[in-house]
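Readers should treat all values here as calculations from the given coordinates under stated rules, not as data from a laboratory. From a predicted model like this one, the values you see are computed outputs, not experimental measurements. Here Cβ is always computed from backbone atoms with ideal geometry, including for glycine, and neighbour counts include all displayed protein chains.
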Amino acid sequence: MVIGYSQAHRASWLAVAGVAAALLAAGCGSSSSGDATSATVDSSLGTHKARLVVVGDIVCAPLGPVGDRCHQASTYALAAKIKPDHVLVLGDTQYPNGALRLFRRSYAATWGKLRSITFPVPGNHEYKTGGATGYFDYFGAAAGHRKQGWHASTIGGWRVIGLNSQCGEVGGCGTGSAQATWLKGELANHATNCTLAIWHFPRFSSGPHRNHPSMSVLWSELEKSKADVVFSGHDHEYERLAAMTNDGKLSDSGIPSFVVGTGGVERYPTFKAGHGSLAHNRGYGVLQLDLYTRGYRWAYVQTDGKVADSGQAACR
């Protein structure tokens with residue numbers, strides 16, 4: 001079943017959370033066939049500006065699949081078929097570590113073909129190579145300053161912010177940290193833009209790695225600035241979560257978020273929906289994200305072409 005959501009008339013995420021919880025309890029919400037490009041889009045979202053692909057936890061060192069691991073070729077083929085304007089990668093782009101030779105051997109053979117349109121953030125596996133040097137060397141200027149890893153760009157009129165959740169590697173993520181100070185200024189300078197943010201460790205997740213309070217200060221800055229949506233990886237599954245405030249309360253004043261750790265490296269064997277979880281899927285796939293002048297539409301597409309979850313939301 002597709003569990004969708006529309007904010008065309010400012011519908012509450014809280015109401016959707018209740019409906020989705022009932023559906024999930026009934027065993028629905030994990031898979032459905034459909035076309036990610038054919039669904040009717042509410043006219044209140046405005047004009048279509050850009051199509052993105054969003055995913056993390058992607059490439060293993062072998063070039064081909066080994067059992068249920070290393071399915072990056074399938075997810076890349078799906079992404080290429082979608083024909084995105086840009087690709088947002090959510091960290092752990094290359095396993096088991098971020099050595100440049102692995103990026104050149106494995107990542108380059110599939111997802112590297114989209115490198116020229118990729119907006120990346122680092123994950124913990126990139127830093128298994130000291131200073132994530134291979135990651136920064138491979139992605140170059142697109143990855144931001146190699147001592148920071150945070151950066152921003154305007155895509156389709158939206159401000160897209162990439163943050164570095166490997167806080168211990170960059171001087172922390174707390175109040176007064178260089179990253180938090182930069183983010184506050186970045187948000188102030190682009191207050192009129194619709195805004196999305198990406199990083200690797202999810203602030204909220206039902207997956208085995210659970211929530212990451214280390215991202216609390218950065219989440220709070222985004223929340224105060226009415227950022228529209230956050231995307232993370234790390235847990236190897238797809239999950240959509242209701243709008244939540246930094247303290248985990250379900251609220252329209254909070255930020256909705258997605259975990260998209262389904263790029264191909266491996267899948268986690270079980271899933272138990274937690275607080276705020278609206279939809280989930282364990283199949284390999286990517287999130288198609290279409291940006292409009294006043295909102296966005298998402299569709300989680302599995303490598304078999306089925307759309308497992310879709311919906312749309314207005315900018316806040």
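Here are the numbers for the structure shown:
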item: As computed over the range 148-202, the Cα convex hull volume per residue (Å³); result: 78 Å³
item: Dipole axis of the chain (+1 Lys, Arg; -1 Asp, Glu on Cβ), positive-most option in His234, Gly261, Ala108; result: Ala108
item: Rg(Cα) / (2.2 N^0.38 Å) computed for the chain, rounded to two decimals; result: 0.90
item: Relative contact order for the chain, counting Cα pairs under 8 Å that sit 6 or more residues apart, in percent; result: 26 percent
item: Dipole moment magnitude, nearest 20 debye, the chain about Cα centre, only Lys, Arg, Asp, Glu C-beta charged; result: 400 debye
item: Peptides 69-79, 246-256, 278-288 ordered by average Cβ neighbours within 10 Å, highest first; result: 278-288, 69-79, 246-256
item: Compactness index (Cα Rg / 2.2 N^0.38 Å), the range 191-316; result: 1.00
item: Mean Cβ count within 10 Å, highest first, over the residues of peptides 178-188, 93-103; result: 93-103, 178-188
item: Order by protection proxy (mean Cβ within 10 Å, highest first), peptides 117-126, 164-173; result: 117-126, 164-173
item: Cα-centred dipole magnitude for the range 91-231, charges only on beta-carbon of K, R (+1) and D, E (-1), debye, nearest 20; result: 300 debye
